[in-house]
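Take a look at the structure below.
The values are calculated or read from the model by the stated rules, or taken from the named source; none is laboratory data. What you are looking at is a predicted structure, and each value in this text was computed from that prediction instead of being measured. Virtual Cβ from ideal backbone geometry, glycine too; neighbours counted across all protein chains shown. The accessibility values were calculated without ligands, DNA or RNA, using every heavy atom of the protein model including side chains. Shrake-Rupley method; radii C 1.70, N 1.55, O 1.52, S 1.80 Å.
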Amino acid sequence: MTLRTPPSAEAAPRGAAHRLRVLRHSRFRRFLVGQSTSLIGSGMSTIGATFAVLELPGGGVDAVGLVMAVRIVAILAVLLLGGVLTDRLGARTVMLTADLLRFGAQGVLAVLLITQTAQLWELVVLAAVLGIGEGGFSPGLTALVPGLVPEEELSDANSLLQIAQAVASVAGPGLAGVLVAAFDAGTVIAVDAVSYGVSAVALAGLHLSQPASPRRGLFTDVKHGWREFTSRTWLWVTTLHISLFNFVLWAPFLVLGPILSQQRLGGASSWGLVLALYGTGSVVGGLALLGRKPGRALVWSMAASMGWALPAAALAARLPLAGVTAAAFFAGAGAAACSALFDTIVQRDIPVEVRGRISAFDSLGAFALGPLGLVLAGPVSGAVGADRLLAFGAVWQLAAAGAVLALPSVRRHGATPRVDRTEGS
């Protein structure tokens, strides 16, 4: 999906130097380097952890699922606490602590694996610690960036962060595969630990002021954040939209995609190509957004989310590999635009004193149904057929995005100058 600047958008030069002008800010450059390094390490971590579990005595598919599930549950369990602490202590402080926690967890795991003394229960415990770190880090990411660049360059900063994530999603697993083949899973985990160390050093060098935020009890802070979240119709509706997308479409696509690739497209290498083209599309989408300031950014963000329907539709239609990879490319471009624009809207329009909690509720809502979707994808596809399930998901995504775009609170958001940034719509 190609994002074009509408006629009402602010005109902007499109030269390469102008598009990358956000990099002139040293604090953002420092953070981008640290975050990019950490993302590549995270992209390697899943491959490393999987092979680490498989190499253990008695390790198998069930053990791999257990370790992954524990990490996901830990992330979801601490998201709200991470949001509260971000608003109380500042994003940099919480993110730095989270990186040090992840550095320690992966460092200990690397030592256990390299010395061949690891046991499954240790991997489970360390996966939980890693998840706690990730859940604490996530809310601060949206809250931190506005302190690094001027408001008018938030979109460019978020686009570059989306590009970094896309590159890491392709480079991380590939590098992990090479290291596992040449050395072992412990080496991959050790590199991941180092990447968190690099991110921690980058964050430690950032000197940011934190606006005073009133401190209440934990439960009171969570309730206040929930009121702020639900008072903005455009915010909770778009979060619900992404939550149902993950449940209805993306989870089945991730489960059934490799299976259908094995049956129809040529196997694991073909599925790897599909994912690589998705990542490439995300890079292109992020680059296309640089230097542009589309009017009604929320409308464009939700319109771009329609691109996610394309890969599932291509599989359901039994298109050849070229068609599926092309669909994945455009979906990746739409995903980068959707995420970068939405992050910019939140950073621009949500008061700083609740930004961490808003980000936590958004993330929790967006991903809470994902694990359930992964569990149900197999049984449901067995009952109705994989093609029908993916086709339903694709149609759902298009219809749901259209319904969201039809809401006045979404269409109006950003259409007129903001008078009070604390108002919901």
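Descriptive notes on the structure:
- Measuring spread by the Cα atoms of the chain yields a radius of gyration and Dmax of 21.1, 63 Å.
- Projecting the Cα positions of 138, 158, 97 onto the charge dipole of segment 84-159 (unit charges on Cβ atoms of Lys, Arg, Asp and Glu, taken about the Cα centre) puts 97 furthest along the positive direction.
- Loop chymotrypsin sites (Phe, Trp or Tyr not before Pro), segment 73-178 (other Cβ atoms within 10 Å of the site Cβ: 13 or fewer; DSSP): none
- HN-Hα J in Hz across segment 259-271 - Karplus 6.51, -1.76, 1.60, θ = phi - 60°, x for Gly and Pro: 5, 5, 5, 5, 7, 10, 10, x, x, 4, 5, 5, 5
- Each residue of segment 30-47 is assigned a 3J(HN,Hα), and the resulting list reads 4, 5, 4, 5, x, 5, 4, 5, 5, 5, 5, x, 5, x, 7, 4, 4, 5 Hz, derived from the Karplus form 6.51 cos²θ - 1.76 cosθ + 1.60 (θ = phi - 60°), x at Gly and Pro.
- Lys, Arg +1 and Asp, Glu -1 on Cβ, resulting dipole of the chain about Cα centre, debye, nearest 20: 1100
- Solvent exposure of residue 282, expressed as accessible area, is near 10 Å², computed with a probe of 1.4 Å over the protein chains only.
- Peptides 402-412, 244-254 ordered by packing proxy, namely the average of other Cβ atoms within 10 Å per residue, highest first: 244-254, 402-412.
- Fluctuation leader among 295, 131, 279 - the chain, Gaussian network, Cα springs under 10 angstrom: 295
- Within segment 293-353, trypsin sites (Lys or Arg not before Pro) in DSSP loop having at most 14 other beta-carbon neighbours inside 10 Å: 318
- Note: relative contact order over segment 80-226, using C-alpha pairs below 8 Å and six or more positions apart, is 42 percent.
- Segment 68-149 shape via C-alpha gyration tensor axes, a/c threshold 1.5: prolate
- Ellipticity estimate at 222 nm from DSSP helix runs (n ≥ 4, -39,500 (n - 2.57)) divided over the chain, nearest 500: -25500 deg cm²/dmol
- Interchain or long-range residues, amide H under 5 Å from residue 293's placed H: 10
- From phi via Karplus (6.51, -1.76, 1.60), per-residue ³J(HN,Hα) for segment 78-89 in Hz, x at Gly/Pro: 9, 4, 5, 4, x, x, 4, 5, 4, 6, 7, 9
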